[in-house]
């Protein structure tokens, strides 16, 4: 894929995020794509990938994807972004708390034939768990 094709793919991903369209997000992955996700574990295939997008957008229905930087090296892509929203649905068994959350993400992807072939999601997962109340932060002195 060319740099322009990859940027177009990332643009479609951004649009699907803005529309909160889990099917469109999953369709940007190859049929046998493997995703390593802090929230979903090891995911294989579009159905599992879409399921985890639905879980996230159910827990945080106003979640906004804010891409910050995209780095492209041949078929490898890294996207740095921030997710911002409100904990308004069940998340890891925790009932909605109405808390505002913001967390940084890094996506490390391999692309092929116009789609995402593999993806590793790296989140500030501990920070997210503190913000939702799953974990309690120890106050600093």
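Annotations for the structure displayed:
- Between residue 70 and residue 47, the FRET efficiency estimated from the beta carbon spacing at R0 = 30 angstrom works out to 0.65.
- If you wrap the Cα atoms of the stretch 58-98 in a convex hull and average its projected area over all directions, you get 3.7 nm².
- Scattering curve values for the chain, log₁₀ I(q)/I(0), Debye with Cα scatterers, q = 0.12, 0.13, 0.16 Å⁻¹: -0.48, -0.56, -0.83
- Degrees separating the helix 3-19 axis from the principal Cα axis of the chain, which is the longest one: 40
- Folded to 0 to 90 degrees: helix 46-59 orientation relative to the chain principal axis, Cα: 30
- Relative exposure of 77, 71, 52, judged by other C-beta atoms within 10 Å (fewest first): 71, 52, 77
- Relative exposure of 2, 22, judged by other C-beta atoms within 10 Å (fewest first): 2, 22
- Per-pair calculated FRET efficiency, R0 = 22 Å: residue 7 and residue 27 via Cβ, rounded to 0.05: 0.75
- Sorted ascending by nearby beta carbons within 10 Å, beginning with the fewest, 1, 10, 109 become 1, 10, 109.
- Ellipticity at 222 nm from helices only: DSSP H runs of n ≥ 4 in the chain, each -39500 (n - 2.57), divided by the residue count, give -9500 deg cm²/dmol.
- Pairwise centroid distance, computed over Cα atoms, of the stretch 1-43 with the stretch 70-128, Å: 11
- Contact order normalised by residue count of the chain, Cα under 8 Å, 6+ apart, percent: 22
- Built from the Cα atoms of the stretch 1-67, the convex hull projects on average onto 4.6 nm², one quarter of its surface area.
- Summarising the label geometry, the points placed 7 Å from Cα in the beta-carbon direction at residue 78 and residue 115 lie 2.6 nm from one another.
Every number in this text was worked out from the coordinates using simple rules, so none of it is lab data. Please read all numbers here as calculations on a predicted model, not as lab measurements. Here Cβ is always computed from backbone atoms with ideal geometry, including for glycine, and neighbour counts include all displayed protein chains.
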